[in-house]
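Engineer: Please find one structure pasted underneath; my questions will follow.
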Amino acid sequence: MADANHQNNNAMDQLGMLRGILLQPTIDKIENDLQRVRETIAQHKEAADNQLDSSNTHFSDALDSLEKRLSAQLQANHEELMAEIRKLQHAKLDRMLLGQMLMDVGNKISE
């Protein structure tokens with residue numbers, strides 16, 4: 001019985017060796033292919049990360065530039081509006097002074 005177990009184990013060992021001999025090239029090829037796929041994925045991930053960083057920097061710079069332009073435009077609009085308000089207030093004062101002068105002239109004439 002021990003001899004039968006030994007022969008069975010020996011046959012299994014030989015079968016394992018034969019399987020290894022027959023399948024090892026295929027297994028090696030698959031492992032190499034998987035390694036190339038992993039490397040390609042890593043390269044693409046790195047490229048995508050770099051492109052994302054570049055895009056983020058570009059968008060951030062564009063946003064900063066837009067914010068500065070909008071702020072400058074708002075300031076210019078505010079200054080223009082304030083200048084127009086001053087003109088209107090000055091014109092109002094001129095009319096009031098003219099009205100006052102006309103009243104004074106009218107009063108002098110009526111005296």
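Bear in mind that the values in this text are calculations on the coordinates, not laboratory data. Given the structure is predicted, the values throughout are model-derived calculations rather than measurements. Note that we place each Cβ from the backbone using ideal geometry, even for glycine, and neighbour counts take in every protein chain shown.
Engineer: Any idea which of I85, I21, I41, I30 is exposed (fewer than 10 other Cβ atoms within 10 Å of the Cβ) and in a helix (DSSP H, G or I)?
Structural biologist: Result of the check over I85, I21, I41, I30: I21.
Engineer: Still on this structure, please answer the following. Which ones in region 89-111 are surrounded by 10 or more Cβ atoms within 10 Å (Cβ to Cβ) and aliphatic (A, V, I, L, M)?
Structural biologist: A91, L93, M96, L97, L98, M101, L102, M103, V105
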